[in-house]
Amino acid sequence: MKKWEEKSGQIWCSWPLSLFFVLLSAGAAIWALCKTPSPGVAIGILGAVAVVMTIRPQMRFLQHAVWLVIITTLLIAEVRSIRKNDSDVASARKEQQLKLETLNTESETIIGDLKTTLAEVDQTLRQTQPHATVRFQNMAFGDKYNELKVDTLYTFNYAHVNDGAENAVNLKKAATIYVGKHDDKKTELIFAQQFEKGWPRNAEVVRTGFPPNIPSFSTIHKAFTLDEMKQLADATIYYFVRFEYSDSTGKWRSDTCGQFQMDKQLNPQVAHGCAVFTNFRYSATPTHR
């Protein structure tokens, strides 16, 4: 038994085995430094090398120095491994956060699209139900238009009808006459803003219902100022008309802008539309999203 123990001790203390452990540990240290494994693997290698160095017999100064270099290298590899792991975790969290934000954005877009689609479907269903449809027909002079004078009150009649299949109730209607440059969008926008400022203060309210398919007309008056009469030399007469009413499907509006034909002179017998303020049967109830 003593011979076996002596033989084992000689082998354990032999320089070939010592060189083997040094080369193996150095190789592991270099591999860990170059590959930067996970912190668990790096700490495992460091622990194994520390165990081997601890149970080795007494070593000379040079051997201690070599093992110290190996341990230092493994410590550096461990620190790099921890930093890399922290960086990878931070990057993964950032990527996950970006994916989550993208998913949230896509979800909001999908929900918004669904709300829009549902609103359109609801509006389509309402339009196909029996409803009232108050429509402007025409605007006409009620006086001799070829004898226009300053500060003289002139009559304008505008015809309208309910083309729907249901009574229009709580009807409000308003029409305003303006004088301005013909076929000019900027002029039309200014008149539209002026009309909106006067609505609904200038509207006529019809308390009784407006039944379907019974033509009707309303009358407004206009006295032209001296400046407006001067403009009519190369301008035209605009009219802005709005109807607001309710039925079983909701509250609705119809807007119409028109202008009398301007050839060499004003021709109120011919009219055409504007570039603005032309919107047929749209909801008068504000929507909140």
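Structure summary
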| read-out | value |
| --- | --- |
| All positions within segment 152-198 that are assigned to a strand (DSSP E or B), among the polar types (S, T, N, Q) and closer than 29 Å to GLN265 by Cβ | THR155, ASN157, THR176 |
| Which listed residue is over 29 Å from VAL169 (Cβ atoms) and assigned by TED's automatic domain parsing to the domain that holds ALA271, from GLN231, GLN194 | GLN231 |
| Unique match (being polar (S, T, N, Q), buried (at least 17 other Cβ atoms within 10 Å of the Cβ) and out of contact with any Cys (no Cβ under 8 Å at 6 or more places or on another chain)) among SER254, SER218, SER248 | SER254 |
| Which listed residue is assigned to a helix (DSSP H, G or I) and either closer than 30 Å to PHE280 by Cβ or modelled with pLDDT of 75 or more (or both), from LEU125, LEU23, LEU62 | LEU125 |
| Selected residue (criterion: farthest from ASP143 (Cα to Cα)) from residues of segment 257-273 that are surrounded by 13 or more Cβ atoms within 10 Å (Cβ to Cβ) and aliphatic (A, V, I, L, M) | MET262 |
| Of all residues making up segment 199-244, the number that are in a loop (DSSP other than H, G, I, E, B) and under 21 Å from GLN137 (Cβ atoms) | 10 |
| Matching residues in segment 72-90 - criterion: being surrounded by fewer than 16 Cβ atoms within 10 Å (Cβ to Cβ) and not basic (Lys, Arg) | THR72, LEU75, ILE76, VAL79, ILE82, ASP86, SER87, ASP88, VAL89, ALA90 |
| Test: residue in segment 124-133 that is under 16 Å from GLU244 (Cα atoms), buried (at least 18 other Cβ atoms within 10 Å of the Cβ) and touching a Lys or Arg at 6+ places or on another chain (Cβ under 7 Å) | yes |
| Residue identified as part of a helix (DSSP H, G or I), farther than 19 Å from LEU23 by Cβ, in the same structural domain as ALA28 (by TED's automatic domain parsing) and at pLDDT below 80 among LEU75, LEU68, LEU46 | LEU75 |
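The values are calculated or read from the model by the stated rules, or taken from the named source; none is laboratory data. Remember, predicted model here, so these are calculated numbers, not experimental data. Positions of Cβ are backbone-derived with ideal geometry, glycine not excepted, and every protein chain shown enters the neighbour counts.
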